[in-house]
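The values are calculated or read from the model by the stated rules, or taken from the named source; none is laboratory data. What you are looking at is a predicted structure, and each value in this text was computed from that prediction instead of being measured. Glycine also receives a Cβ, built like all others from the backbone with ideal geometry; neighbour counts cover every protein chain displayed. Heavy atoms of the whole protein, side chains included, go into the accessibility calculation; ligands, DNA and RNA do not. Shrake-Rupley method; radii C 1.70, N 1.55, O 1.52, S 1.80 Å.
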Amino acid sequence: MKQPIDLATWPRREHFEFFSRFDEPFFGLVADVDVTAARAEAKRLGVSFFLYYLYHAVEAANAVPEFRHRIEPGQVVAYDRVHASATIGRPDHTFGFSFIEQQPGLADFVAGAQLEIAAVQATRGLNLTERTGRPDVLHCSAVPWARFTGLTHARSFQHPDSCPKLSFGQAYAHGAGLRMAVAVNVHHALADGYHVGQFLDAFQQRLGGG
(Lines give C-alpha, C1' and ligand atoms only; values in the text may rest on other atoms or scores of the structure.)
Protein backbone atom coordinates (compact mmCIF):
# COMPACT_ATOMS: atom_id res chain seq x y z
CA MET A 1 0.00 0.00 0.00
CA LYS A 2 1.10 3.56 -0.69
CA GLN A 3 -0.15 7.05 -0.05
CA PRO A 4 0.52 10.14 -2.19
CA ILE A 5 2.39 12.99 -0.55
CA ASP A 6 0.79 16.43 -0.85
CA LEU A 7 3.59 18.45 -2.41
CA ALA A 8 1.84 21.74 -1.58
CA THR A 9 2.28 21.15 2.16
CA TRP A 10 5.35 18.90 2.12
CA PRO A 11 8.29 20.53 3.98
CA ARG A 12 10.68 19.04 1.41
CA ARG A 13 8.94 20.57 -1.61
CA GLU A 14 11.79 22.96 -2.51
CA HIS A 15 14.41 20.30 -1.79
CA PHE A 16 12.51 17.91 -4.06
CA GLU A 17 12.24 20.41 -6.89
CA PHE A 18 15.90 21.42 -6.55
CA PHE A 19 17.54 18.00 -6.41
CA SER A 20 15.16 16.41 -8.92
CA ARG A 21 16.77 18.56 -11.61
CA PHE A 22 20.25 17.10 -10.98
CA ASP A 23 21.82 14.70 -13.45
CA GLU A 24 22.95 12.65 -10.43
CA PRO A 25 20.56 13.26 -7.52
CA PHE A 26 21.88 10.39 -5.39
CA PHE A 27 24.40 10.92 -2.61
CA GLY A 28 25.97 8.38 -0.30
CA LEU A 29 28.29 7.69 2.55
CA VAL A 30 30.07 4.72 4.11
CA ALA A 31 30.00 4.04 7.84
CA ASP A 32 31.12 1.17 10.04
CA VAL A 33 28.74 -0.71 12.30
CA ASP A 34 29.61 -3.04 15.17
CA VAL A 35 28.49 -6.57 14.24
CA THR A 36 30.08 -8.46 17.14
CA ALA A 37 26.80 -9.31 18.84
CA ALA A 38 24.97 -9.79 15.52
CA ARG A 39 27.47 -12.35 14.23
CA ALA A 40 27.27 -14.28 17.50
CA GLU A 41 23.47 -14.21 17.51
CA ALA A 42 23.24 -15.40 13.89
CA LYS A 43 25.57 -18.27 14.76
CA ARG A 44 23.53 -19.13 17.85
CA LEU A 45 20.34 -19.21 15.78
CA GLY A 46 21.99 -21.19 13.01
CA VAL A 47 21.06 -18.66 10.32
CA SER A 48 23.08 -17.00 7.60
CA PHE A 49 24.84 -13.87 8.85
CA PHE A 50 23.91 -12.16 5.57
CA LEU A 51 20.20 -12.88 6.03
CA TYR A 52 20.39 -11.91 9.69
CA TYR A 53 21.79 -8.44 9.03
CA LEU A 54 19.70 -7.99 5.88
CA TYR A 55 16.51 -8.53 7.87
CA HIS A 56 17.57 -5.97 10.44
CA ALA A 57 18.68 -3.49 7.77
CA VAL A 58 15.25 -3.62 6.11
CA GLU A 59 13.55 -3.25 9.49
CA ALA A 60 15.74 -0.23 10.25
CA ALA A 61 14.93 1.31 6.86
CA ASN A 62 11.22 0.83 7.42
CA ALA A 63 11.54 2.78 10.66
CA VAL A 64 12.71 5.88 8.72
CA PRO A 65 9.79 7.29 6.66
CA GLU A 66 12.09 8.90 4.09
CA PHE A 67 13.47 5.46 3.17
CA ARG A 68 9.92 4.48 2.18
CA HIS A 69 9.34 7.48 -0.10
CA ARG A 70 9.53 7.03 -3.86
CA ILE A 71 9.24 9.27 -6.91
CA GLU A 72 6.61 7.94 -9.29
CA PRO A 73 5.22 9.56 -12.45
CA GLY A 74 3.66 12.86 -11.47
CA GLN A 75 3.86 12.31 -7.74
CA VAL A 76 5.81 11.36 -4.64
CA VAL A 77 4.42 8.46 -2.65
CA ALA A 78 4.99 6.95 0.79
CA TYR A 79 4.89 3.16 0.93
CA ASP A 80 3.60 1.53 4.09
CA ARG A 81 6.42 -1.01 3.94
CA VAL A 82 9.45 -1.71 1.78
CA HIS A 83 11.28 -4.95 1.08
CA ALA A 84 14.67 -6.15 -0.17
CA SER A 85 15.80 -6.56 -3.75
CA ALA A 86 19.17 -8.18 -3.11
CA THR A 87 21.76 -9.39 -5.59
CA ILE A 88 22.17 -13.16 -5.23
CA GLY A 89 25.42 -14.81 -6.24
CA ARG A 90 25.67 -18.06 -8.15
CA PRO A 91 28.40 -20.74 -8.27
CA ASP A 92 29.50 -19.43 -11.71
CA HIS A 93 30.17 -15.99 -10.12
CA THR A 94 27.30 -14.26 -11.88
CA PHE A 95 24.41 -12.81 -9.92
CA GLY A 96 20.69 -12.34 -10.28
CA PHE A 97 18.27 -9.85 -8.76
CA SER A 98 15.75 -11.04 -6.19
CA PHE A 99 12.66 -9.92 -4.35
CA ILE A 100 12.69 -10.83 -0.66
CA GLU A 101 9.51 -9.83 1.10
CA GLN A 102 9.97 -8.36 4.55
CA GLN A 103 8.27 -10.33 7.31
CA PRO A 104 7.26 -9.47 10.90
CA GLY A 105 9.81 -11.94 12.29
CA LEU A 106 13.32 -13.12 11.43
CA ALA A 107 12.39 -16.82 11.06
CA ASP A 108 9.75 -16.16 8.40
CA PHE A 109 12.04 -13.74 6.61
CA VAL A 110 14.87 -16.29 6.49
CA ALA A 111 12.54 -19.04 5.26
CA GLY A 112 11.22 -16.85 2.44
CA ALA A 113 14.69 -15.59 1.57
CA GLN A 114 16.08 -19.12 1.33
CA LEU A 115 13.37 -20.07 -1.16
CA GLU A 116 14.04 -16.94 -3.20
CA ILE A 117 17.81 -17.52 -3.18
CA ALA A 118 17.35 -21.08 -4.43
CA ALA A 119 15.00 -19.85 -7.17
CA VAL A 120 17.41 -17.14 -8.34
CA GLN A 121 20.36 -19.52 -8.31
CA ALA A 122 18.38 -21.86 -10.58
CA THR A 123 18.06 -19.12 -13.21
CA ARG A 124 20.54 -17.53 -15.58
CA GLY A 125 21.10 -13.87 -16.36
CA LEU A 126 20.03 -10.90 -14.30
CA ASN A 127 16.55 -12.14 -13.39
CA LEU A 128 15.29 -8.58 -13.86
CA THR A 129 11.50 -8.81 -13.82
CA GLU A 130 8.57 -6.67 -12.79
CA ARG A 131 8.74 -8.43 -9.42
CA THR A 132 12.44 -7.88 -8.76
CA GLY A 133 12.31 -4.37 -10.23
CA ARG A 134 9.35 -3.09 -8.24
CA PRO A 135 9.75 0.33 -6.57
CA ASP A 136 8.88 -0.59 -2.97
CA VAL A 137 12.29 -2.13 -2.34
CA LEU A 138 15.76 -1.34 -1.11
CA HIS A 139 18.50 -2.27 -3.57
CA CYS A 140 20.85 -4.40 -1.47
CA SER A 141 24.19 -6.03 -2.19
CA ALA A 142 26.97 -7.65 -0.21
CA VAL A 143 30.70 -7.44 -0.91
CA PRO A 144 32.03 -9.89 1.70
CA TRP A 145 35.36 -10.23 -0.12
CA ALA A 146 36.53 -6.69 0.63
CA ARG A 147 36.77 -4.24 3.50
CA PHE A 148 35.79 -1.10 1.63
CA THR A 149 35.85 2.54 2.68
CA GLY A 150 34.09 3.89 -0.40
CA LEU A 151 31.68 2.56 -3.00
CA THR A 152 30.03 3.78 -6.20
CA HIS A 153 27.10 2.39 -8.18
CA ALA A 154 26.57 1.91 -11.90
CA ARG A 155 23.55 4.02 -12.81
CA SER A 156 21.49 4.84 -15.87
CA PHE A 157 20.42 8.45 -15.64
CA GLN A 158 17.63 7.79 -18.16
CA HIS A 159 16.03 5.18 -15.89
CA PRO A 160 13.78 6.67 -13.18
CA ASP A 161 15.05 5.37 -9.87
CA SER A 162 14.58 6.61 -6.32
CA CYS A 163 15.17 3.42 -4.31
CA PRO A 164 17.76 3.61 -1.51
CA LYS A 165 20.81 1.41 -2.04
CA LEU A 166 22.52 -0.51 0.77
CA SER A 167 25.84 -2.31 0.33
CA PHE A 168 27.51 -4.35 3.04
CA GLY A 169 31.24 -5.06 3.22
CA GLN A 170 33.43 -7.66 4.82
CA ALA A 171 33.18 -8.20 8.58
CA TYR A 172 36.64 -7.56 10.01
CA ALA A 173 38.31 -7.77 13.40
CA HIS A 174 38.38 -4.55 15.40
CA GLY A 175 39.88 -4.91 18.84
CA ALA A 176 38.02 -7.74 20.54
CA GLY A 177 35.02 -7.41 18.22
CA LEU A 178 33.90 -7.24 14.61
CA ARG A 179 32.92 -4.31 12.43
CA MET A 180 31.43 -4.05 8.95
CA ALA A 181 31.23 -1.21 6.45
CA VAL A 182 27.79 -0.18 5.21
CA ALA A 183 27.39 2.06 2.16
CA VAL A 184 24.10 3.96 2.02
CA ASN A 185 23.01 5.83 -1.12
CA VAL A 186 19.75 7.77 -1.25
CA HIS A 187 17.96 10.17 -3.59
CA HIS A 188 18.64 13.67 -2.25
CA ALA A 189 15.21 14.90 -3.34
CA LEU A 190 13.75 12.51 -0.76
CA ALA A 191 16.31 12.29 2.03
CA ASP A 192 19.28 14.05 3.60
CA GLY A 193 22.26 13.07 5.71
CA TYR A 194 20.08 13.33 8.82
CA HIS A 195 17.87 10.52 7.55
CA VAL A 196 20.87 8.36 6.65
CA GLY A 197 22.09 8.90 10.20
CA GLN A 198 18.69 7.83 11.52
CA PHE A 199 18.89 4.63 9.49
CA LEU A 200 22.42 3.84 10.67
CA ASP A 201 21.46 4.44 14.31
CA ALA A 202 18.40 2.20 13.98
CA PHE A 203 20.46 -0.49 12.22
CA GLN A 204 23.14 -0.44 14.90
CA GLN A 205 20.54 -0.67 17.67
CA ARG A 206 19.01 -3.71 16.02
CA LEU A 207 22.44 -5.35 15.62
CA GLY A 208 23.39 -4.69 19.24
CA GLY A 209 26.70 -3.22 20.35
CA GLY A 210 27.84 0.16 19.16
Comparing Phe199, Phe22, Phe109 in a Gaussian network model of the chain (Cα, 10 Å), the one with the largest mean-square fluctuation is Phe22
What whole number of Å gives the distance from the Cα centroid of segment 84-119 to the Cα centroid of segment 38-73?
12 Å
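With contacts defined as alpha carbon pairs under 8 Å and 6 or more residues apart, what's the relative contact order of the chain in percent?
Values: 362 pairs, mean separation 67.0, N = 210.
Computed over the chain, the figure is 32 percent.
Please report the antiparallel percentage of the DSSP beta bridges confined to segment 84-170, to the nearest 5. Walk me through the numbers before you get to the answer.
Details: 4 of 11 bridges.
The answer is about 35 percent antiparallel.
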Mean-square fluctuation maximum in Gaussian network of the chain, Cα pairs under 10 Å, restricted to Ala37, Ala176, Ala60, hits Ala176
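Kindly work out what percent of the DSSP beta bridges joining two residues of the chain are antiparallel, to the nearest 5.
Values: 28 of 36 bridges.
Counting only bridges with both partners in the chain, antiparallel ones make up about 80 percent.
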Can you pull the percent of segment 69-179's accessible area that's carbon plus sulfur, 1.4 Å probe, other chains left in place?
56 percent
Averaging sequence separations of C-alpha pairs under 8 Å and six or more residues apart, then dividing by the length of segment 51-90, give the relative contact order as a whole percent.
30 percent
With every protein chain left in place, what is the accessible area per residue of segment 52-154 in square angstrom, probe 1.4 Å?
50 Å²
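How about segment 78-136: which GluC sites (Glu not before Pro) there lie in a loop by DSSP and see at most 15 other Cβ atoms within 10 Å? Could you put the intermediate results ahead of the total?
Numbers: sites: Glu101, Glu116, Glu130; in loops: Glu101, Glu130.
Here the GluC sites (Glu not before Pro) that fit, given the DSSP loop and packing criteria, are Glu101, Glu130.
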Distance in nm between label sites at Asp6 and Arg21, each 7 Å beyond Cα in the beta-carbon direction?
2.6 nm
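State, as an integer percentage, the relative contact order of segment 1-85 based on alpha-carbon contacts under 8 Å between residues 6 or more apart. List each step's numbers first, then the result.
Numbers: 53 pairs, mean separation 35.0, N = 85.
Relative contact order comes out at 41 percent.
Between beta-carbons, use under 15 Å as the cut-off and find the net charge around Glu41, counting Lys and Arg +1, Asp and Glu -1. Spell out each step's value before the answer.
Working: positive: Arg39, Lys43, Arg44, Arg206; negative: Asp34, Glu59.
Its environment carries a net charge of +2.
So, counting K/R as plus one and D/E as minus one, what does the shell of residues with Cβ under 13 Å around Gln114 add up to?
Here the charged neighbours net out to -3.
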